[in-house]
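Report on one structure; see the data block that follows.
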Amino acid sequence: MKLSAEQMAERRQIMLQTAFRLFAERNIDSVSMEDVAAETDYGIRSFYRYFKDKDTLVIETATWAFQTFTAENRKRNPEQTGGTAADVYAFFLDSFLRLYRERSDLLRFNQFFNVYVRSEKIDAGQLQPYGGMIDALRERFRAVYRKGKQDGTLRTDYPEEVIFSATLHLMLAVVTRYAVGLVYDAGVEPEQELLTMKEMLLARYTVNH
């Protein structure tokens, strides 16, 4: 039976959702294409019609998962209601806290994804869909940086790439640390440490925020 475009899109969505759940729960290395297929109503041959191999499935799962979170998160963006560049930057930082509070599964998956990409030596060409998503995020930050030059609320004496890279890597590292359980001091309060990191970055890169 020939599937309609809508049916194919729905089937692909179910496959990605199932792959994401298993990868986040059990680690990508330990989950095969057959394992994912077994959790759906579709056989392994159907999976190979959508994803030519496991690497493709992993990369498309990562891209889909972060695009979904980003799309939902952007609906709360203060830029849409006339906020300053500093307000939008604060929202960017809060997005990482929201990841920790609401989507620890996505952070666990991302940790497993980074390990998998390195261990499997996946090249930049294969990662292009995922890299394109990061590029889109960088482009949105570029608009915030330009706005900061206009309203004076962002420290534009720092290069744009320095602020973007430091913010992305520092915040992602610390929220991932808690999401995957890499905490060695039982007395540490994650929420307080994350808020401290946010305030430190605000103090460094914004003006009178």
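The number of residues in region 50-60 that are of a type outside the set (Val, Ile, Thr) and open to solvent by less than 10 Å² (accessible area, probe 1.4 Å) comes to 2. Scanning region 1-44 for residues that are basic (Lys, Arg) and within 24 Å of the chain's Cα centre (by Cα) yields 11, 12, 21, 26. Scanning region 132-155 for residues that are touching a strand residue (DSSP E or B) at 6+ places or on another chain (Cβ under 9 Å) and not basic (Lys, Arg), we see that the one that is surrounded by the most Cβ atoms within 10 Å (Cβ to Cβ) is 154. Considering only residues in region 78-131 that are surrounded by 19 or more Cβ atoms within 10 Å (Cβ to Cβ) and among the charged types (D, E, K, R), the one that is farthest from residue 175 (Cα to Cα) turns out to be 87.
Per-residue answers, yes or no, for (1) at pLDDT 90 or above; (2) open to solvent by less than 40 Å² (accessible area, probe 1.4 Å):
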{"site": "165", "(1), (2)": "yes, yes"}
{"site": "169", "(1), (2)": "yes, no"}
{"site": "185", "(1), (2)": "no, no"}
{"site": "203", "(1), (2)": "yes, no"}
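Test residue 181 against the criterion of being over 24 Å from residue 60 (Cα atoms), of a type outside the set (Val, Ile, Thr) and in a loop (DSSP other than H, G, I, E, B), and give yes or no. In short, yes. Among residues of region 157-173 that are over 18 Å from residue 139 (Cβ atoms) and in a helix (DSSP H, G or I), those with a Cβ under 8 angstrom from a residue that is open to solvent by 40 Å² or more (accessible area, probe 1.4 Å) and at pLDDT below 95, sequence gap 6+ or separate chain, pair up as 170/197; 171/197. Residues that are open to solvent by less than 50 Å² (accessible area, probe 1.4 Å) and either touching a residue at least 24 places away in the same chain (Cβ under 8 Å) or of a type in the set (Lys, Arg) (or both) within region 28-49 comprise 28, 33, 40, 42, 46, 47, listed in sequence order.
Only one entry in 31, 58, 36, 88 is among the β-branched types (Val, Ile, Thr) and touching a Pro at 6+ places or on another chain (Cβ under 7 Å), namely 88. Candidates 68, 63: the one that is touching a Pro at 6+ places or on another chain (Cβ under 7 Å), open to solvent by less than 70 Å² (accessible area, probe 1.4 Å) and closer than 19 Å to residue 99 by Cα is 63.
When only residues in region 1-20 that are of a type in the set (D, E, K, R) and free of Cβ contacts under 8 Å to residues at least 12 places away in the same chain count, which is surrounded by the most Cβ atoms within 10 Å (Cβ to Cβ)? Among them, the one singled out is 10. Free of Cβ contacts under 8 Å to residues at least 60 places away in the same chain and within 30 Å of residue 205 (Cα to Cα): is that true of residue 61 in this structure? No.
The values are calculated or read from the model by the stated rules, or taken from the named source; none is laboratory data. Quick caveat, the model's predicted, so the values are computed rather than measured. All Cβ positions, glycine included, derive from the backbone under ideal geometry; neighbour counts span all protein chains shown. Note: areas computed on protein heavy atoms with side chains; ligands, DNA, RNA excluded. Shrake-Rupley method; radii C 1.70, N 1.55, O 1.52, S 1.80 Å.
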